[in-house]
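Undergrad: Before we start, here is the structure in question, set down as structure tokens.
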Amino acid sequence: MKKLLLTTVAALCLALPANAQEKGTQNTARQYPAAQERGMKKSEKQQNKSYWAIRMGSSRLSMKVNDRKENESLFMISGAVGTTIVPEMAVRAELELTATGNYEETETIATDRLEYKHGLVNLSLNFLKDFDAGKIKPYIGVGAGIAVFHDEADYDIALLVGRLRGTKKESSAVLSGNVQGGIAISLTDSVLFDVNARYNHFGKYKFKVLNQENDMKNNSVDVTAGFRVHF
């Protein structure tokens, strides 16, 4: 009888830790998928969510009016909304609107004066490819869209019988294209600091002032920095 009791107690002592270990393993197994799922959602948040972005910086605008060339650095600002379109390849698309400050020039010959202003707004659809390097995410992209140039000329010219004064304003829409690259740095799970550089090429157009028709050609190199917020 004593041997039977001792054998039963020993069996229970061995079975209880094994049972507890099995239950602990089962509890861990039940908890792990949830934790893993949370981790996956956290890591994929920036890839699978839409976002908005705002950047500011400098645009080096190169202008060619007939045979005369001008280069000017202007302030620019851009805003964009986008989303991932091919998650497995980290490809996203965004619609971006950029606005550039006015280039201004005044020409004076004797008593004649011409004040000229040249501004730009560009709407483009960009396709971008991200590369994941941890918190630093480089990217490259291309885009195409429509740019609207606004030209304004105020003139005051001496004539034989008096002076001719007036203002000529005109807006011209042309096709635009860009190639770009940048680096995004993760600040939080949903906020990135975004540095972007690009080259823009714009279609040609004509701007006529008085009796002179001017051939206008433009391109620019832009460097901007700002924030991208995923939601």
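The values are calculated or read from the model by the stated rules, or taken from the named source; none is laboratory data. A quick note: this is a predicted structure, and the numbers were derived from the prediction, not measured. Note: ideal-geometry Cβ built from the backbone for every residue, glycine included; neighbour counts use all protein chains shown.
Undergrad: Is it true that some residue in the range 166-177 is assigned by TED's automatic domain parsing to the domain that holds MET76, surrounded by 15 or more Cβ atoms within 10 Å (Cβ to Cβ), modelled with pLDDT under 95 and among the hydrophobic types (A, V, I, L, M, F, W, C)?
TA: no
Undergrad: Restricted to the range 98-132, and to residues that are of a type in the set (A, V, I, L, M) and closer than 23 Å to SER172 by Cβ, which residue is modelled with the lowest pLDDT?
TA: The selected residue is LEU114.
Undergrad: A further question on this structure: What is the residue count in the range 47-78 for residues that are farther than 28 Å from ARG228 by Cα and not in a strand (DSSP E or B)?
TA: 2
Undergrad: Among the candidates PHE227, PHE207, which residue alone is crowded, with 16+ Cβ neighbours inside 10 Å and either in a strand (DSSP E or B) or not β-branched (Val, Ile, Thr) (or both)?
TA: Matching residue, one of PHE227, PHE207: PHE207.
Undergrad: Report whether or not ASP189 is acidic (Asp, Glu), more than 29 Å from VAL65 (Cα to Cα) and touching a residue at least 12 places away in the same chain (Cβ under 8 Å).
TA: Considered against the rule, which asks whether it is acidic (Asp, Glu), more than 29 Å from VAL65 (Cα to Cα) and touching a residue at least 12 places away in the same chain (Cβ under 8 Å), ASP189 comes out as yes.
Undergrad: Looking at this structure, is LEU95 assigned to a strand (DSSP E or B), modelled with pLDDT of 95 or more and under 24 Å from THR167 (Cα atoms)?
TA: Against the criterion (assigned to a strand (DSSP E or B), modelled with pLDDT of 95 or more and under 24 Å from THR167 (Cα atoms)), LEU95 does not qualify.
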